[in-house]
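The structure under discussion appears below in the form of structure tokens.
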Amino acid sequence: MPTSLYVLRNRVTAAVSQHKDLHRALDAVGREIGTHETWVIFELEAPRLRNPRRVAEGHGQVWRPAGASAQELLDVCGAAEVCEAAVLEGAS
């Protein structure tokens with residue numbers, strides 16, 4: 001059964017980090033990305049790690065203030081289908 005690996009890439013510093021799921025990758029944006037840096041998250045299917053698929057991208061840190069709506073989160077991380085599904089799942 002294929003599993004996914006999520007890779008966060010900071011385009012400014014070229015730093016790369018790997019995460020088990022999209023939620024952890026988005027959390028890493030808040031820890032690893034500077035205020036004005038551009039980032040992208042790719043999904044790769046393990047074990048082959050081929051055909052990376054861009055699932056979220058943005059500028060600056062992702063954070064969820066108390067009471068943030070799902071739409072506010074989507075505005076930060078983009079409207080990529082996988083990101084949208086993860087955000088809406090987490091908001092319910």
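Values in this text are rule-based calculations from the coordinates and carry no lab data. The structure presented is a predicted model; accordingly, all values stated were derived computationally and were not measured. Backbone-built Cβ (ideal geometry, glycine too); neighbour counts: all protein chains shown.
Among the residues of the range 5-47, how many are over 10 Å from the mean Cα position of the chain (by Cα), under 15 Å from residue 58 (Cβ atoms) and among the hydrophobic types (A, V, I, L, M, F, W, C)? Number of matching residues: 2.
Scanning the range 32-51 for residues that are more than 11 Å from residue 10 (Cβ to Cβ) and exposed (fewer than 15 other Cβ atoms within 10 Å of the Cβ) yields 35, 36, 45, 46, 47, 48, 49, 50, 51.
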